Structures are given as structure tokens and as C-alpha cells.
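Undergrad: Structure provided below as C-alpha cells; questions to follow.
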Amino acid sequence: MSKRSDTIETVLLALELLRRIPRGRKISASELHEQLNNTGHARDLRTIQRQLELLSEHFEIERDERSKPYGYRWKERAAGLALPVLSEQESLMLALAEQHLRHLLPASLMKSMDGFFQQARTNLGAEGGGKRGREWLSKVRVISTTQPLLPPKIKAGVFEAVSNALYGNYWLDVDYKNASGKRKAARVMPLGLAQQGARLYLVCRYEGYDNERTLALHRINGAQASPHVFDRPKDFDLEKYDADGRFGFGEGKRIRLTFRIDKEAGLHLLESPLSTDQTATALETEFEISATVVETAQLEWWLRGFGDQVRAIRRSSCEDNGV
């Protein structure tokens with residue numbers, strides 16, 4: 001490699017490190033080394049340590065040498081990496097992504113993006129000048145369609161282990177306690193991660209089995225990714241798994257559901273149908289709704305929630321109807 005190429009590589013590494021050094025907490029050379037490896041910028045640890053020593057001499061970066069490994073962070077009033085890397089629009093998108101995607105991205109990837117999220121927050125801060133972007137964050141909100149619940153607590157390290165194993169297709173060792181309180185240790189093949197309301201669920205296959213199970217992350221007492229990679233099964237499709245009602249405690253059976261509902265309670269079904277083939281007949285004080293849906297426990301809970309506003313419920317198998 002030419003001297004010019006070496007110089008460019010050194011500059012690029014320095015920029016990557018400057019972007020990832022946080023303000024409010026310290027980060028070690030090993031953590032930065034892991035972040036760079038996860039994003040495809042592979043460098044040996046000693047190279048990163050040498051770069052950090054140089055950067056802390058020439059930038060307002062604090063190096064904590066009281067104990068090893070040393071910790072690095074921007075000083076409290078430091079300007080940081082003052083490069084026009086992120087526009088106001090890009091900063092706004094990253095700020096929203098950090099809020100709403102933190103449980104849908106691998107923990108290692110979120111951690112590697114920490115420097116970018118910090119820059120986005122700085123750009124949208126009072127001193128960053130991004131007034132319209134900052135105001136936009138207070139103008140939008142995701143509203144729950146059910147009674148809001150606080151998310152259950154997930155044991156320390158569980159989400160990191162689960163998401164990283166899912167990302168890398170590694171077998172995962174879990175210590176799981178089901179809803180009945182029965183505890184079991186198992187090795188599972190992580191296949192998908194889903195957020196349902198305030199809860200996170202892992203779709204997986206137990207070692208030695210070919211059917212899928214759904215594990216609630218807050219019921220996992222401990223998890224550790226193994227170094228062994230598995231071949232992701234070609235017959236599994238998370239979108240189909242969801243469409244089959246598996247997260248609603250169903251088995252994928254499709255039925256033709258017909259019921260009558262008071263007009264006031266059922267008006268929203270004309271705006272947000274149950275299915276693409278839904279039909280709605282307006283009667284004197286009620287609507288008669290008919291739609292093809294997946295039979296699940298969640299569907300039953302939804303119907304019961306209307307109380308006596310829903311009546312004349314009929315179900316028929318789609319197979320019986322030749323569908």
C-alpha cells in the first residue's frame with residue numbers, strides 16, 4: 001500500500017473514532033474496536049489505542065487513566081467533531097430512529113451508531129441551530145391503540161445477547177421461565193424479533209426441533225450467544241408467521257367471521273377494515289360486518305371488548321367455503 005493510501009486510511013480511522021467518542025459517558029478502546037468491527041472497519045486494537053492517544057493530545061478529549069482500560073470522552077464544553085456530516089433533516093431522521101428503532105436493531109449496531117446519534121442530538125440542540133427539526137420532535141407522537149402499559153423489565157444483557165445472536169445467525173443459550181413459572185435452560189435458533197405493544201418477543205426454534213416457539217424477552221433470565229453459526233431455515237418467513245396470527249396466539253387457521261355491531265362502535269371498521277375482502281351492510285342501528293380473518297385468541301379478546309355492542313357472531317371455516 002502506498003504512503004498516500006496509508007495516510008488516507010489513518011485519517012478515515014481518526015474520523016470514525018472522533019464520531020464515536022461520546023460526551024456523557026466514557027468509552028474504552030476495546031468498545032470502539034468492537035464498534036468498528038461491527039460496521040466493517042476492521043482495525044487491530046493496538047492501532048486504535050495509538051490513535052486515541054494522539055486524538056486526546058490534539059482534541060478536547062478527556063482520557064481517564066485512573067484504571068484500565070482507559071476511558072475516553074469529549075470534555076463537557078468541547079465543540080466535538082465540528083464537521084458538516086449530518087444535515088438538519090438527517091439529524092431529525094436519526095433522532096426519530098433512535099427513539100423508535102432501538103429495540104428493532106441489533107444492540108451492537110445501535111452502540112456503533114452512538115456517535116452519530118450524539119451528533120444528531122447536538123445538531124438539534126439549543127446551540128445546534130436546528131430549531132425546526134427540534135420543534136418537529138415535539139409535534140409528532142406514536143399513539144397506542146390500547147390501554148398504554150409500561151414495558152416489562154428485561155434482564156441486563158439479555159437484549160444485547162438476543163439481538164446480536166439474531167443478527168449474526170448464532171445459536172443462543174437461554175435460561176427461560178414461562179408464564180406458568182416453569183424454568184428451563186435450552187439452546188435455540190433465533191429467527192425473528194417482534195415488538196407487540198410494550199413487549200418484545202423472540203421467535204426461535206429449539207435445538208433438535210423444526211417448529212417455531214415465541215419467547216417473551218422479559219421472561220429470559222439469562223442469554224448468551226454461542227460461537228456456532230446456524231443455517232437460517234429457508235422455510236421460515238417472519239411476515240407469514242405474523243400474518244398467520246402466531247403473535248395473537250393462533251395457529252394460522254383462516255375463518256369467515258360475520259357479526260353485527262352498533263353503528264357508533266363499528267364506524268371505525270369502515271375506515272380501517274379487518275381485511276381486504278371485508279363487506280359492511282348498513283342496517284337501521286347497526287352494521288353487519290363480514291371478513292376473512294385468522295382465528296386467534298387475540299381476535300376473541302377484541303370481540304369481547306365490545307361487550308353487548310357486538311352480537312350475532314358467526315364463524316365458518318374458509319376450507320368449508322372453498323376459500
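The values are calculated or read from the model by the stated rules, or taken from the named source; none is laboratory data. All values derive from a computational prediction rather than experimental measurement. Heads up, the Cβs are rebuilt from the backbone with ideal geometry, glycines too, and the neighbour counts pull from every protein chain shown.
One line per residue, one yes/no per condition, for (1) modelled with pLDDT of 80 or more; (2) surrounded by 13 or more Cβ atoms within 10 Å (Cβ to Cβ):
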{"site": "Leu52", "(1), (2)": "yes, yes"}
{"site": "Ile61", "(1), (2)": "yes, yes"}
{"site": "Arg66", "(1), (2)": "yes, no"}
{"site": "Ala78", "(1), (2)": "no, yes"}
{"site": "Ala82", "(1), (2)": "no, no"}
{"site": "Ser91", "(1), (2)": "yes, yes"}
{"site": "Leu104", "(1), (2)": "yes, yes"}
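Yes/no per residue for (1) on the phi > 0 side of the Ramachandran plot; (2) outside the structural domain of Val229 (by TED's automatic domain parsing); (3) of a type in the set (Lys, Arg); (4) within 22 Å of the chain's Cα centre (by Cα):
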{"residue": "Pro106", "(1), (2), (3), (4)": "no, yes, no, yes"}
{"residue": "Ala126", "(1), (2), (3), (4)": "no, yes, no, no"}
{"residue": "Lys131", "(1), (2), (3), (4)": "no, yes, yes, no"}
{"residue": "Pro151", "(1), (2), (3), (4)": "no, yes, no, yes"}
{"residue": "Trp171", "(1), (2), (3), (4)": "no, no, no, yes"}
{"residue": "Gln195", "(1), (2), (3), (4)": "no, no, no, yes"}
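Undergrad: Would you check which residues across segment 258-276 are of a type in the set (Asp, Glu) and either not assigned by TED's automatic domain parsing to the domain that holds Ile313 or not in a strand (DSSP E or B) (or both) and list them?
TA: Glu264, Glu271 - these are the residues of segment 258-276 that are of a type in the set (Asp, Glu) and either not assigned by TED's automatic domain parsing to the domain that holds Ile313 or not in a strand (DSSP E or B) (or both).
Undergrad: With respect to Pro190, determine if the residue is under 30 Å from Trp302 (Cβ atoms) and touching a His at 6+ places or on another chain (Cβ under 9 Å).
TA: Answer is no for this residue.
Undergrad: With the structure loaded, tell me whether Arg199 is of a type in the set (Lys, Arg) and at pLDDT below 90 or whether it fails that test.
TA: It is true that Arg199 is of a type in the set (Lys, Arg) and at pLDDT below 90.
Undergrad: Identify all residues within segment 102-148 that are outside any loop (DSSP other than H, G, I, E, B) and closer than 19 Å to Ser163 by Cβ; write none if there are none.
TA: Correct list: Ala107, Ser108, Leu109, Met110, Lys111, Ser112, Asp114, Phe116, Phe117.
Undergrad: Right, something else. Quick check: anything in segment 176-193 at positive phi, more than 19 Å from the chain's Cα centre (by Cα) and either in the same structural domain as Glu295 (by TED's automatic domain parsing) or loosely packed, with under 12 Cβ neighbours inside 10 Å (or both)?
TA: Yes, segment 176-193 has at least one match.
Undergrad: Let me ask something else about it. From the list Lys139, Lys240, Lys153, pick out the single residue that is modelled with pLDDT of 90 or more and among the basic types (Lys, Arg).
TA: Lys153
Undergrad: Another question, then. Select from segment 30-50 the residues that are among the small types (Gly, Ala, Ser) and either on the phi < 0 side of the Ramachandran plot or modelled with pLDDT of 85 or more (or both) and write down the one among them that is surrounded by the fewest Cβ atoms within 10 Å (Cβ to Cβ).
TA: Among those that are among the small types (Gly, Ala, Ser) and either on the phi < 0 side of the Ramachandran plot or modelled with pLDDT of 85 or more (or both), it is Ala42.
Undergrad: Moving on. Among the residues of segment 206-242 satisfying the criterion of being under 22 Å from the mean Cα position of the chain (by Cα) and of a type in the set (D, E, K, R), which is surrounded by the fewest Cβ atoms within 10 Å (Cβ to Cβ)?
TA: Selected residue: Glu239.
Undergrad: Look through segment 243-257, keep the residues that are part of a strand (DSSP E or B), surrounded by 15 or more Cβ atoms within 10 Å (Cβ to Cβ) and in contact with a helix residue (DSSP H, G or I) (Cβ under 8 Å, 6 or more places away or on another chain), and return whichever of them is modelled with the lowest pLDDT.
TA: Gly250
Undergrad: Going by what's in this entry, would Val294 be described as assigned to a strand (DSSP E or B), at pLDDT below 90, among the hydrophobic types (A, V, I, L, M, F, W, C) and on the phi < 0 side of the Ramachandran plot?
TA: Yes.
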